Amino acid sequence: MEKEKFIECERKNLQWLINFRLPSYFYKIGMLVIGVSTITMFVRAFAMEGDTQWLKLLLQKTMVVGMLLMSVARDKEEDEMVVKLRMQSYTYAFVAGVMYALVMPFVEYGVSNALKPEGEAFHDIGDFQLLIFILMVQLLCFHTLKRMR
Amino acid sequence: MENTIKVERAILSITQGDLADKIGVSRQTINSIEANRYVPSTVLALKLSEIFGKPVNAFFKLSSND
């Protein structure tokens, strides 16, 4: 009996997690966060002097958070079809992300060494680059699927 | 899966938007169901059945490739 209750509780929590969405206004908040982060990135690159590496790392994080907010925000007309399209977009994004992580280091290495004789050494892509790519593909796929429905 | 929702809707003289409002989905979802691009869940099918006053298999039919 106790075991059954535990399983039921776990199932409910998992279901809550699967159905979790932020209210739709978080989409706009996400866009705002990305906008502010992008502008600040340009300001940091062209108008700020000194060691601003910490700011770059911070802005990378805020960009990922902004895109995550856009990704998990409820659609204005959220129904079962939109939920299905969202799940489909996560699947595409995951597959594209794995392929990107596998192929991109070779592309970067090849391009860098083709352009300069002393090109970059072979290295894997960073977590920021991968996360941004996955979130971008997810949002792009979701909106494309929604438009084509 | 094929369906005759468009016909049932015409019988009741209601638009896609009206039907969407009645069952709590978007108009685009009704459009996708009518065009056989989306197969609705059992819950949605039963809601449609209630609106049309007919059993689900009166307006949803399996096609040859199902």
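Overview of results
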| quantity | calculated |
| --- | --- |
| Criterion violated by residue A:61 - all others in (1) more than 15 Å from the chain's Cα centre (by Cα); (2) surrounded by fewer than 16 Cβ atoms within 10 Å (Cβ to Cβ); (3) more than 23 Å from residue A:143 (Cβ to Cβ) satisfied | (1) |
| Qualifying position, being within 14 Å of another protein chain (Cβ to nearest Cβ), β-branched (Val, Ile, Thr) and touching a residue at least 40 places away in the same chain (Cβ under 8 Å), among A:72, A:82, A:137 | A:82 |
| Residue satisfying condition, being over 13 Å from the mean Cα position of the chain (by Cα), among the acidic types (Asp, Glu) and surrounded by fewer than 14 Cβ atoms within 10 Å (Cβ to Cβ), within set A:118, A:108 | A:118 |
| Count of residues meeting criterion [part of a helix (DSSP H, G or I), over 20 Å from residue A:86 (Cβ atoms) and not polar (S, T, N, Q)] in the stretch A:1-30 | 11 |
| Filtered residue count, the stretch A:8-43, keeping only those that are among the aromatic types (Phe, Trp, Tyr), surrounded by 14 or more Cβ atoms within 10 Å (Cβ to Cβ) and free of Cβ contacts under 8 Å to residues at least 24 places away in the same chain | 0 |
| Check on residue A:76, modelled with pLDDT under 90 and either outside the structural domain of residue A:137 (by TED's automatic domain parsing) or surrounded by fewer than 16 Cβ atoms within 10 Å (Cβ to Cβ) (or both) | yes |
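Condition check ((1) of a type in the set (Gly, Ala, Ser); (2) farther than 25 Å from residue A:143 by Cα; (3) within 12 Å of chain A (Cβ to nearest Cβ)) across all residues:
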residue	(1), (2), (3)
B:13	yes, yes, no
B:19	no, no, no
B:36	no, no, no
B:42	no, yes, yes
B:45	yes, yes, yes
B:49	yes, yes, no
B:59	no, yes, no
B:62	no, yes, no
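The values are calculated or read from the model by the stated rules, or taken from the named source; none is laboratory data. A quick note: this is a predicted structure, and the numbers were derived from the prediction, not measured. FYI the Cβ positions are ideal-geometry reconstructions off the backbone, even for glycines, and counts take in every protein chain you see.
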